[in-house]
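Undergrad: This is the structure, below, for whatever I ask next.
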Amino acid sequence: MCYKLVERYSVCRCLYFQHSIDPCSAYGQRGHSVQEKTVLVGYACTQHSARGTSTSPQDGRWPDSGYCSLKGSCR
Ligand SMILES: [Zn+2]
Ligand SMILES: [Zn+2]
C-alpha cells in the first residue's frame, strides 16, 4: 500500500502541506489505491486563526465570512 502524507491544521482541518506519494512496489497497478495519512499540525490556518480582527468581512471573498470564520464551519 502506498502512502501519501497530508498535513492539516488541527483546528480547522484546512490543508497545510501535501507531500508526494511514497510508493510501494505495487504502485501504478490497476485498482491499487493510495492510502492517505493525515498528520495534524497544532494550530489554525491564517484564514481561521485571526482573532478579533476579522469580525468584519473586509476582504470581500466571503460575503458572510464574519459568521463563517468565527464558527469555523466552512472549509
Ligand atoms: Zn502501494
Ligand atoms: Zn482553515
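Undergrad: Can you tell me which residues in the stretch 1-31 are open to solvent by 60 Å² or more (accessible area, probe 1.4 Å) and not in a strand (DSSP E or B)?
TA: Once the filter is applied, which keeps residues that are open to solvent by 60 Å² or more (accessible area, probe 1.4 Å) and not in a strand (DSSP E or B), the stretch 1-31 yields Met1, Val11, Arg13, Pro23, Ser25, Tyr27, Gly28, Gln29, Arg30, Gly31.
Undergrad: Here's something else I'd like to know. What is the residue count in the stretch 1-40 for residues that are away from ligand 1 (no atom under 13 Å from the Cβ) and of a type in the set (Ser, Thr, Tyr)?
TA: Counting residues in the stretch 1-40 that are away from ligand 1 (no atom under 13 Å from the Cβ) and of a type in the set (Ser, Thr, Tyr) gives 5.
Residue-wise test of (1) touching a Leu at 6+ places or on another chain (Cβ under 6 Å); (2) at pLDDT below 95; (3) acidic (Asp, Glu).
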{"site": "Lys4", "(1), (2), (3)": "no, no, no"}
{"site": "Cys24", "(1), (2), (3)": "no, no, no"}
{"site": "Gly28", "(1), (2), (3)": "no, yes, no"}
{"site": "Lys37", "(1), (2), (3)": "yes, no, no"}
{"site": "Gln58", "(1), (2), (3)": "no, yes, no"}
{"site": "Pro63", "(1), (2), (3)": "no, yes, no"}
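Undergrad: Which of the residues that make up the stretch 39-48 are surrounded by fewer than 15 Cβ atoms within 10 Å (Cβ to Cβ) and either part of a loop (DSSP other than H, G, I, E, B) or at pLDDT below 90 (or both)?
TA: Residues satisfying the conditions are Gly42, Tyr43.
Undergrad: Could you please give the count of residues in the stretch 28-45 that are more than 18 Å from the chain's Cα centre (by Cα) and of a type in the set (Gly, Ala, Ser)?
TA: Summing the residues that are more than 18 Å from the chain's Cα centre (by Cα) and of a type in the set (Gly, Ala, Ser) in the stretch 28-45 gives 3.
The values are calculated or read from the model by the stated rules, or taken from the named source; none is laboratory data. None of these values were measured; they are calculated from a predicted model. Note that we place each Cβ from the backbone using ideal geometry, even for glycine, and neighbour counts take in every protein chain shown. Just the protein is used for accessible areas: all its heavy atoms, side chains included, with ligands, DNA and RNA removed. Shrake-Rupley method; radii C 1.70, N 1.55, O 1.52, S 1.80 Å.
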